[in-house]
Amino acid sequence: MDILFNKETNSFHLFNDLVSYQLSIKDDKYVSHVYWGKAIGGNNAHIDFPLYDRAFSASPHGAKLQNFSMNTLLQEYPGHNNGDYRESALEVTYPDKTFSTQLEYQSHSIINGKPELEGLPHTYINEKSEAKTLKLVLKDTLDYCTIDLYYTIYADYPVVTRSVRVTNNGELPIELNKLLSMSVDFDHSSFDCVQLPGAWGRERDLVRHPIHRGVHKIDSKRGTTSHTYQPFLGLVDPDTTEHTGDVYGFHFVYSGEFLANCEVNEYNQTRVQMGISPEHFKWELNPAETFSSPEVVMSYTDNGLNQFSQDLHSFYQTHLIRGKYQFEERPVLLNNWEGTYFDFTEEKLLDMADKAVDLGVELFVLDDGWFGKRDDDKTSLGDWVVYDKKLPNGLKSLAEKIKAKGLRFGLWFEPEMISEDSDLFRTHPEWVLKANDRSASLGRNQFILDYTQKEVRDYIKERMRAVLNEVPIDYIKWDFNRNMTEIGSQHPSVNDGEVTHRYMLGLYDLLEELTTAYPDILWESCSGGGGRYDPGMLYYMPQTWTSDNTDAVARLEIQTGTSLVLPISSMGSHVSAVPNHQVNRMTSLDMRGDVAMAGNLGYELDPTLLSDSEREKVQEQIVFYKENRKLIQYGSFFRLKSPFDQSSETAWLFVNKDKSEALVFNYLILDKTNMVNTRVKLKGLAPEKRYKLNGQDTLYYGSELMNKGLYIEPPLSDEIEQSSYQVNGDFRSTKIKIKEVIG
Ligand code: GLA
């Protein structure tokens, strides 16, 4: 890995063994994009893009250089209202009320390592040798502000990260109306766009479509990343598959409002941009103040989407997720939510915990309803004191009793919310996030707390610390169950255009403090399931509740989509009762177990209601999972058959680092009469190694399993009394454990 500067061509080459990124300073001024893709040699990043005199594309150099125009130049960080008619990366209103920005190169430095991005989540290094950073300093032509562009290349990953910092150089405030974190121009538009749109209960659909003229935008105006779009955008070659072809991926390390643009202009150039959404953003930058954008992770591979996912999984596990659980095997948990909802007593919970121990569960999680007077979702958020009607002996006593059974104890909080019916609201109505005198809409019967105010955050911190210091807590589920509306602050010192970002800074500040103060707690983030499942939250909390939808069939799509950009070790996945509470579907316990096992396994049901045979099956599932969870949580993940391919089958494969162990899950949703058998070709094994399947005698070379493949027969369904050769039952799944045989 290195960053080279070529004085003659005024150009830069960031590279490692996998990837190259080249840019060049044209005419000593314009930061131009040259190349991004598979690693290339040399230090020859000159601009070879032919420039023509294009009609209706003006030149800043006038008649002297009519073939040069900002409108056709491939750029790295385009200004605004300067002859480039594509989307800008920043928009500034200056003290004289003008808003034309042309940025020009001033200087650069090449830094060993990676500078801190203070106050924001970011990818990090442990040693300086793990990355190098190029800092380009630009100025607007009238010298009102300095723009620093940061590019970090990592030594061992095909990853470049980018962020931007603005400093006001003048004597009067300037207004930032838009400040994206990155922009890059490609010289063609032969791409498909890959994205992960969703909704509550069906998060992260894997959607792929050709790109077209115009601007394709995905964003959030909800104060949070939300279920609606993942802050991710990919461009792939139209021929790219899971295992071959170019993939360029952009992922935002931020949990607030975002924008991702993909624009194709009249010359079939493609501009991709990502950053904080400008929709509700207007930041007043006072003299000498700086503003730092969050970071974008840009990853490239020529080996298809599956390799792209594996690169991100490993990159996030190594350079984003922190703390004690970074590489720890995650515990099997029982969460009481779907088992009891709000209706529980201490006795009921202890009964459930007894059964959980018998099943092999390691962590008992008490979900919503333990505080204030919370019998439903209309009350008490903000009043973080135990609900003595349900838990008359207190939380500490409950936790101790649960721990005495050999379980760990976890607790649910929703610290960013306030119920109208709460002591906190009665005392501090001014702590609700809303635009001054405007009324505030209720979402799930609750308001959002104004985390731009330190006093509010301090109050929540003290309440949580009081609980955490008294009760022995091993795990926290941190929920966020609505999106923002009528965005503003009732506090006079906070400008409404700064609220969404200041909110995020406040939240990140609190998360940093709490996760640092309680390093032994395993933190799991949640937002009505996977509504805030993004790299920003992963920096503080190593796992997320993937979706409130626990139906095994729905989960095949949700977990496949999620796996495109987020590591398996971060994915909470639970077995729940049937008929399923979200979709009312009956599926087999085998399939529910096998789907949930392909993530961080948990159970979310009342274990006292399990029959003897179900109890035995769950015990077996947990034993199997414990034997294999390291492989699942930290192995390489392969999507062998996709639920998005409209077939009734899905297959996933996990392979460990030294390729001595692998595990296939194959799921059949609906059976077919006179079923056609197809082989499944495995991936990622060592061709010369010999393996046994499920402990059977036959030996297979890795090359056989990968090139010839296997027929995978789903076992007959337990629930079918009489099997026929025509139809053997729906919702069936198989596991194949593959082990290297030595000697
Ligand atoms: C959200 C979460 C659920 C559960 C409920 C409790 O919907 O996603 O898992 O914790 O809140 O109210």
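Some values worked out for this structure:
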quantity	calculated
Heavy-atom accessible area ranking, 1.4 Å probe, most first, across Tyr229, Tyr691, Tyr711, Tyr248	Tyr711, Tyr229, Tyr248, Tyr691
Rg/Rg_globular for the range 353-500, with Rg_globular taken as 2.2 N^0.38 Å and Rg from C-alpha atoms	1.17
Exposure of Asp474 as accessible area (Å², to 10), given a probe of 1.4 Å and all protein chains	30
Ala155-Gln619 pseudo-label distance in nm [points 7 Å out on the Cα-to-Cβ vector]	5.0
Cβ charges +1 (Lys, Arg) and -1 (Asp, Glu), total dipole of the range 38-159, debye	280
For the chain, calculated [θ]222 nm from helices alone, where every DSSP H run of n ≥ 4 adds -39500 (n - 2.57)	-5500 deg cm²/dmol
Accessible area (Å², per residue) of the chain, counting only protein heavy atoms and a probe of 1.4 Å	38
Fully extended contour minus Cα-Cα distance, from Asp458 to Val357, at 0.36 nm per residue	32.6 nm
Which of Asp96, Asp388 is most accessible, then next, and so on - probe 1.4 Å	Asp388, Asp96
Check: the range 491-575 dipole with +1 on Lys, Arg Cβ and -1 on Asp, Glu Cβ, in debye	180
Solvent-accessible surface ranking, highest first, for His212, His108 at 1.4 angstrom	His212, His108
Lys, Arg +1 and Asp, Glu -1 on Cβ, resulting dipole of the chain about Cα centre, debye, nearest 20	1100
Ala199-Arg585 FRET efficiency (beta carbon distance; Förster radius 22 Å; 0.05 resolution)	0.75
Pairs of Lys in the range 377-422 closer than 21 Å at Cα, counting only those 8 or more apart or on different chains	7
Reachable aspartates and glutamates from Lys739, criterion Cα separation under 15 angstrom, eight or more residues apart if same chain	Glu627, Asp658, Glu661, Glu688, Asp697, Glu704
Of Lys683/Lys735; Lys64/Lys135; Lys132/Lys657; Lys461/Lys626, pairs whose Cα-Cα distance is over 25 Å	Lys64/Lys135; Lys132/Lys657; Lys461/Lys626
Gain upon complete extension [Lys401, Ile742; 0.36 nm per residue less C-alpha separation]	118.1 nm
Counted charge near Thr290, where neighbours are those whose Cβ lies closer than 9 Å (Asp, Glu -1; Lys, Arg +1)	-1
Kirkwood-based shape ratio for the range 524-618, expressed as Rg/Rh from alpha carbons	0.99
At least 18 Å along the helix axis (C-alpha) and Kyte average at least -0.5, DSSP helices within the chain	346-359, 499-517
Fraction of accessible area attributable to carbon and sulfur, the chain (%, probe 1.4 Å)	47
Contour excess over end-to-end distance, with Cα ends at Val207 and Ala63 and 0.36 nm allotted per residue	47.2 nm
Per-residue SASA entry for Asp730, accessible area with 1.4 Å probe, Å² rounded to 10	60
Per-pair calculated FRET efficiency, R0 = 51 Å: Lys692 and Thr290 via Cβ, rounded to 0.05	0.30
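The values are calculated or read from the model by the stated rules, or taken from the named source; none is laboratory data. If you're wondering where the values come from, they're calculated on a predicted model, not measured in any experiment. Quick reminder, even Gly has a Cβ in these numbers, built from the backbone with ideal geometry, and neighbours come from all protein chains shown. Heads up: the accessible areas ignore ligands, DNA and RNA and are worked out on the full protein's heavy atoms, side chains in. Shrake-Rupley method; radii C 1.70, N 1.55, O 1.52, S 1.80 Å.
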